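S.K.: So that we are looking at the same thing, I have put the structure below in structure tokens.
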């Protein structure tokens, strides 16, 4: 990842409920997330300087987003973190817009990305 404040990387997937719980179910739906969720997470992480972060979001029946939890180390039960229209990849926030970039970016449970980020900060 480049050390550039206008180029941020984002993954997203929807956790599915198993019974009454979504946490720990390992059930997910991979689809194109609403850009409003990406903007919501970007605003929070930018404001607080969190650049390697998992953010779990609840959506209220009225469509408002609420943060359930934030973690700097997060689990990865599939070989990828995001899939849009059948392609694995990620979103990049670049030049004030969201761009989907296809590719396998979640190798080694995303530790490669975390290491790249830290190296670029030095």
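Every number here is computed from the coordinates shown, using simple stated rules; none is lab data. This is a predicted model, so every value here is computed, not measured.
S.K.: First check a/c for the stretch 35-85, with a ≥ b ≥ c the square roots of the eigenvalues of its C-alpha gyration tensor; if it is under 1.5, answer rounded, and if not, answer prolate when a/b is larger than b/c or oblate otherwise. Provide the component values of the computation, followed by the final result.
M.R.: On the way: a/c = 1.62, a/b = 1.15, b/c = 1.40.
Oblate is the answer for the stretch 35-85, as a/c is 1.5 or above yet b/c matches or exceeds a/b.
S.K.: How much of the calculated P(r) for the chain lies past 20 Å, in percent of all Cα pairs? Intermediate results must be reported in sequence, preceding the final value.
M.R.: On the way: 3198 of 7381 pairs.
Roughly 43 percent, once rounded to a whole number.
S.K.: Turning to a different aspect of this structure: In whole percent, what relative contact order does the chain give with Cα contacts below 8 Å and a gap of six or more residues?
M.R.: Relative contact order, the chain: 28 percent.
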